[in-house]
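The next block holds one structure in the form of structure tokens; read it before the comments.
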Amino acid sequence: MSKIIKFGENVEGYSIPVLNEREIRAGAGLLFVGVFVSLMQVMYKEDFLLLKYFIVLFLADFLIRVFINPKYSPTLIMGRLIVRNQTPEYVGAKQKKFAWVIGLVLAIIMFTLKIVVNSFSPITGLICMICLIFLFFESAFGICLGCKFYPMFFKDKVQYCPGEVCDLKLKQDIQKTSGVQLLIVAGLIAFMTLTVILFNDNLSKQPYDLFGITGTERTK
């Protein structure tokens, strides 16, 4: 039973239980897509059914992660299959568990308000946005926002963070951003702003069916 119910894997060369960051990011990406599509249904069709189903899935997945074993989490299993040919990147399990407890608390609140009470409010909207942000940062950048709160509650040093961000070290040249690069980013923002100002009327026209399949005519 102890081999089934545990948190993290024992890997040779690591002094504490670890998890594979690559499959975690893949799993976060899958959850992000689910939350995003569900919210689009709510925003554009005022249909909460898909969101309710996804909340049940989200809650079940995080209950398995936190109380049984991340190895048996359905989304992490799918993530493992997706990145199975990539070399594992090991991260400390403790901070991940703390982050997932935060996710579990949010899921329980959403389940209570959406499924049990069958309601919506600014609270549920805010929680959805928090989940989207957390999942996006994890999947896109490999940044665990929930893990950032771990040192506020525990005194022990966080070990094996993604990209070794736990360890203070000098940045390599490839990590540094020059003034020219920042100017390029600022230039892009200015260019897009100017594009919106000058071409908004033209770009806002409804596109027409090039091959006439739907019968949509070109607007003049």
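The values are calculated or read from the model by the stated rules, or taken from the named source; none is laboratory data. On a predicted model such as this, the values are computed, not experimentally measured, just so you know. Note that each Cβ is placed from the backbone with ideal geometry, even for glycine, and that neighbours are counted across all protein chains shown. Each accessible area value is taken on the protein alone, full model and side chains, heavy atoms only, with ligands, DNA and RNA left out. Shrake-Rupley method; radii C 1.70, N 1.55, O 1.52, S 1.80 Å.
What helices does the chain hold that run 24 Å or longer along their axis, going by alpha-carbon atoms, with a Kyte-Doolittle average of -1.0 or more, using DSSP H for the helix calls? Correct list, ordered by number: 21-45, 93-110, 179-203. Solvent-accessible surface of protein heavy atoms, probed at 1.4 angstrom with all chains present, puts 53, 208, 150 in the order 53, 208, 150, largest first.
Looking at segment 106-207, the trypsin sites (Lys or Arg not before Pro) that sit in a DSSP loop and have at most 11 other Cβ atoms within 10 Å of their own Cβ are 155, 157, 169, 171, 176, 205. When 145, 194, 183 are compared by accessible area of protein heavy atoms, the largest-first order is 183, 194, 145, using a 1.4 Å probe. When cysteine pairs in the chain are screened for C-beta atoms closer than 4.7 angstrom, the residues that find no partner are 128, 131. Run through segment 1-55 and list the GluC sites (Glu not before Pro) located in a DSSP loop whose Cβ has at most 13 other Cβ atoms within 10 Å. Within segment 1-55, the qualifying GluC sites (Glu not before Pro) (loop, at most 13 other Cβ atoms within 10 Å) are 12, 46. Helical runs (DSSP H, four residues minimum) scored at -39500 (n - 2.57) apiece and divided by the length of the chain put the mean residue ellipticity at 222 nm at -16500 deg cm²/dmol. What a 1.4 Å probe finds exposed on segment 2-112 is 66% carbon and sulfur by accessible area, rounded to a whole percent. Cross-link partners of residue 157 among aspartates and glutamates, defined as those whose alpha carbon lies under 16 angstrom from its own and excluding same-chain residues fewer than eight positions apart: 167. What per residue convex hull volume, in Å³, comes out for the chain when only alpha-carbon positions are used? Spelled out: Cα convex hull of the chain, divided by residues, is 228 Å³.
Rounded to 0.05, the FRET efficiency of the residue 12 and residue 85 pair, given R0 = 22 Å and the Cβ-Cβ distance, is 0.55. Values of log10 I(q)/I(0) for segment 61-106 across q = 0.13, 0.22, 0.26 Å⁻¹ run -0.31, -0.82, -1.03, by the Debye formula with one identical scatterer at each alpha carbon and no solvent. The separation of segment 22-42 from segment 71-99, counted between C-alpha centres, amounts to 15 Å.
The dipole here belongs to the chain: it is taken about the Cα centre, uses +1 on the Cβ of Lys and Arg and -1 on the Cβ of Asp and Glu, and is about 420 debye. Scanning residues 5 or more positions from residue 90 or on other chains, those with amide H under 5 Å from its amide H are 21, with H placed 1.01 Å from N in the peptide plane.
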